[in-house]
Amino acid sequence: MRLGSTLLAEHDHASTVAHLVTQTDRHHRPPPSQWIDKPLGRYDIRSVLGEGAMGYVYEARDRELQREVALKILPKRVESGHEPLGLKLFLQEARVAARLQHPNATTVYDVGHEAGIHYFAMERVHGVTLAGLVERHGPLPARQVGYIIAHAARALDAGHAMGIVHRDVKPSNIMIDRAGFVKVTDFGLADVEGIDRIKEASGRPVGTPGWLSPEAARGEPVGPASDIYALGLVIHFALTGKRLVQAETRSGLVRVQAAAPSITASQLPQAWPPRLREIVAQCLQANPADRYKSAKMLAADLLHSLSPVREDVTVVLASDITDGAVAASPWRTWIVLGGLAGLTAAILYWLR
């Protein structure tokens, strides 16, 4: 986004986040499963990695290509000739992830089924979710949160440009690997232009209660602004360790979110950096039109907020002045040259 101190800060935050991920990943203990040590297609399943919206995710070995993959398996066997809602959403996730090729989104390698068991293979991310980081370490520093969410926003923006709305943005769907690299996962509930809408999923709230935008909670059509609202909720969670929306039941969460008012910067914790409060408040506007116009703009603001100074200042010998750059003016150049000439004359005098 910008060169200079922002780029340097971004590198530093990646290292810090990577250290946290390594500490957290070391304590991960996979749960047991009936699939462990069994083959499925060309894959040998080794352990459980987690659970997504549309199935369980396992670590597996691709025998043909000799590489590790993450294998997502639809938990229920599907009879030939039938296509229930779960299978439709499962296959849609694979298609969406395969269409979205971005460094901050997981990549799908292969889709298949065997004896009524449907699965797809994707890249294996060695790391933990943002939810796991906060669960183990508590609220994260503002700059680490800004770094993580900015990269998640980049992936979502790439999807939005292709007509893909994630619709299930939450801390457990944002992964960070051991190098501090961020990946958005689980497009199982995504809405995609150019792909026939799944009728059974229309007209009702789609997503996870607690992480919905107001319009999504009301069952209305959603766009990129809905993902941006969810990112605002995720930022709040990562900085506080708590959900902004509170209720005792899932249905209660949906009702609260459906009527959620706009959030102002003054309502957010005063200990946060002022610019970060403004960013979160702009994400959490009740009216989608009042939020960031794109996830790319949100990412730019977050990365800029990582900079230790307000502007990166670079001296350039050019006649045109760009944003954040200071051109060397002619009179300053003559002063410098005159000083060098004087110094040279003094040295020659003493050498005589």
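Net charge of the neighbourhood of P171, taken over other residues with C-beta under 11 Å away and scored Lys/Arg +1, Asp/Glu -1, is +1. Once you sort the root eigenvalues of the Cα gyration tensor of region 109-239 as a ≥ b ≥ c, which label holds: rounded (a/c under 1.5), prolate (a/b larger than b/c) or oblate (the other case)? Oblate, since a/c reaches 1.5 and b/c is not below a/b. Per-residue packing, averaged as other Cβ atoms within 10 Å, sorts the ranges 267-275, 223-231, 38-46 into the order 223-231, 38-46, 267-275, beginning with the highest. Remark: for residue pairs K170/K296; K88/K183; K38/K170, the C-alpha separation exceeds 21 Å in K88/K183; K38/K170.
Protection proxy ranking of 291-303, 146-158, 245-257, by the mean of other Cβ atoms within 10 Å over each peptide's residues and highest first, is 146-158, 291-303, 245-257.
Computed extension gain for K88 through S262, at 0.36 nm per residue and net of the alpha carbon distance, reaches 59.2 nm. Excluding E59 itself, calculate the net charge of residues whose Cβ lies under 9 Å from the Cβ of E59, where each Lys or Arg counts +1 and each Asp or Glu counts -1. Result for the local shell: +2. Could you tell me what % of all Cα pairs in region 201-254 have separations over 15 Å? Percent of Cα pairs beyond 15 Å in region 201-254: 46.
Where a number appears in this text, it was derived from the coordinates with a stated rule and is not lab data. For clarity, every value in this text was computed on a predicted model and none was experimentally measured. Here the Cβ is made from the backbone with ideal geometry for all residues, glycine too, and neighbour counts use every protein chain on show.
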